[in-house]
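Just below is one structure, and these are the notes that go with it.
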Amino acid sequence: MDIRLGNGFDVHRFEEGDHVILCGIRIPYSKKLNGHSDADVAMHAVTDAIYGALADGDIGQHFPPSDPQWKGADSAVFLKHAVGLAAERGYQISNIDCTIICELPKIGPHAAQMRAQMADLMGLDTDQVSVKATTSETLGFTGRGEGIASLATAALCKP
Ligand code: MG
């Protein structure tokens, strides 16, 4: 069996706002994430993990931030593109593991909904998708509440 792993990492900074979008779920918060698209930092990390497993560049190469058509884009478009590319090449996604690093907003109450949304977008069962969170113990930019970081692993297999 041909098994491939990929990792993804992303960061977006906070700016003034009233909600963030993480794994496609809108979470009310006193700030929003700055970005060319909807700034879904978690979905970007997952998308990059899939591109990484395919050894096919990164999200910025497939969807250049300089291209005005991706302004405000729903990041589901990016994720679905990566999933489609995997399928085109004969790979199934075995599982996804995504970690969100921030002090606030609290991720726990939304994690189940995030998993369900990501699984739905990728055509996977929810037990194939993990969404978890940690803080950085008030250290660094995530600890100071300046932004959110996310990292992800994707495992792909060709039966
Ligand atoms: Mg990003």
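The values are calculated or read from the model by the stated rules, or taken from the named source; none is laboratory data. What you see is a predicted model; the values in this text were computed from it and never measured. Quick note on the areas: whole protein, heavy atoms, side chains included, nothing else; ligands and nucleic acids left out. Shrake-Rupley method; radii C 1.70, N 1.55, O 1.52, S 1.80 Å.
So, in Å, what gap is there between the alpha-carbon centers of region 120-157 and region 19-61? So the two Cα centres are separated by 10 Å. Here the convex hull built on the C-alpha positions of region 1-116 has a volume of 103 cubic angstrom per residue.
With only the Cα atoms considered, region 59-159 has a convex hull volume of 123 Å³ per residue. Ligands, DNA and RNA are left out, and with a 1.4 angstrom probe the accessible area of region 2-158 is 48 Å² per residue.
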